[in-house]
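Here is the structure we will look at.
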Amino acid sequence: GQNIDQPTEMTATEGAIVQINCTYQTSGFNGLFWYQQHAGEAPTFLSYNVLDGLEEKGRFSSFLSRSKGYSYLLLKELQMKDSASYLCAVRDSGYALNFGKGTSLLVTP
Amino acid sequence: IAGITQAPTSQILAAGRRMTLRCTQDMRHNAMYWYRQDLGLGLRLIHYSNTAGTTGKGEVPDGYSVSRANTDDFPLTLASAVPSQTSVYFCASSRTSGGPDTQYFGPGTRLTVL
């Protein structure tokens, strides 16, 4: 079966750094994705990790440890527009993405 | 380029009625997916299609059917809607169903079954 856990809610201050964790237990592993979803909108792709280590893309970075079944999304220099839900998704040995329930991030002034 | 479109944007439906949600992509992606998103439950896969002419069941397929007659279109049908099918439905597509290929999501259909 699939089990993907991430915190339900987080709050951070504008300009700060926030780390959103994701732990997973899946049958097989073919990559981990992070998506951003603003309220009332569709999820949009942020990052993909398949090998251990850090992937950096502007203000956003994503880390993966396959041996620990662990990933995090790091958001730097937070902006108000970063208030959104962040979805962790794992591709197992099959075809589809298995999504966590998402972390709702609120950025405050 | 539109990407991936869904219709209708929203719909209120009486229980027992039949409803088809439409999804079209113009990216020539082989794989397409239908998800439902419910508060507290996240995105759950209903049905998928790895390529035109093939479909498969996801995590929550009961009460739903799909077809994939061509590459571009992937309609989702509720044969006899029930209130528990009230949800936001997202269609997605990807170049293939494996590896690093990203899934791109449509804008969603908000369905209410009364």
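The values are calculated or read from the model by the stated rules, or taken from the named source; none is laboratory data. All figures in this text were calculated on a predicted structure; none of them were measured in a lab. Ideal geometry is used to build each Cβ from the backbone, glycine not excepted, and the neighbour counts take in all protein chains shown.
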Tell me, please, whether a residue that is at pLDDT 95 or above, of a type in the set (Val, Ile, Thr) and under 12 Å from the mean Cα position of the chain (by Cα) can be found in segment B:78-86.
-> no
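Yes or no, residue by residue, for (1) crowded, with 18+ Cβ neighbours inside 10 Å; (2) modelled with pLDDT of 95 or more; (3) in contact with an Asp or Glu (Cβ under 9 Å, 6 or more places away or on another chain); (4) not aliphatic (A, V, I, L, M):
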{"position": "B:Leu41", "(1), (2), (3), (4)": "no, no, no, no"}
{"position": "B:Asn50", "(1), (2), (3), (4)": "yes, no, no, yes"}
{"position": "B:Gly56", "(1), (2), (3), (4)": "no, no, no, yes"}
{"position": "B:Val66", "(1), (2), (3), (4)": "yes, yes, no, no"}
{"position": "B:Gly99", "(1), (2), (3), (4)": "no, no, no, yes"}
{"position": "B:Pro107", "(1), (2), (3), (4)": "no, yes, yes, yes"}
{"position": "B:Thr112", "(1), (2), (3), (4)": "no, yes, no, yes"}
Note on segment A:89-109: residues within 14 Å of chain B (Cβ to nearest Cβ), in a strand (DSSP E or B) and either over 20 Å from B:Asp101 (Cα atoms) or of a type in the set (Asp, Glu) (or both) are A:Thr103, A:Ser104
Has segment B:81-92 got at least one residue that is out of contact with any helix residue (DSSP H, G or I) (no Cβ under 6 Å at 6 or more places or on another chain), surrounded by fewer than 21 Cβ atoms within 10 Å (Cβ to Cβ), of a type in the set (Gly, Ala, Ser) and outside any strand (DSSP E or B)?
-> yes
What is the one condition in (1) touching a Gly at 6+ places or on another chain (Cβ under 6 Å); (2) modelled with pLDDT of 95 or more; (3) on the phi < 0 side of the Ramachandran plot that A:Gly102 does not satisfy?
-> (3)
Looking across segment B:95-109 at residues that are at the interface with another protein chain (Cβ under 9 Å from one of its Cβ atoms) and assigned to a strand (DSSP E or B), the single one that is nearest to the chain's Cα centre (by Cα) is B:Phe105
Would a scan of segment A:80-88 turn up a residue that is modelled with pLDDT of 95 or more, farther than 18 Å from B:Gly42 by Cβ and in a loop (DSSP other than H, G, I, E, B)?
-> yes
Complete set of residues in segment A:44-67 that are within 13 Å of chain B (Cβ to nearest Cβ), farther than 26 Å from B:Cys91 by Cβ and not in a strand (DSSP E or B) = A:Leu51
Evaluation of B:Leu41 against (1) free of Cβ contacts under 8 Å to residues at least 60 places away in the same chain; (2) touching a strand residue (DSSP E or B) at 6+ places or on another chain (Cβ under 8 Å) (one fails), failing number = (2)
Name every residue in segment A:29-43 that is outside any strand (DSSP E or B) and either more than 10 Å from every other protein chain (Cβ to nearest Cβ) or exposed (fewer than 15 other Cβ atoms within 10 Å of the Cβ) (or both), in order of residue number.
-> A:Phe29, A:His38, A:Ala39, A:Gly40, A:Glu41
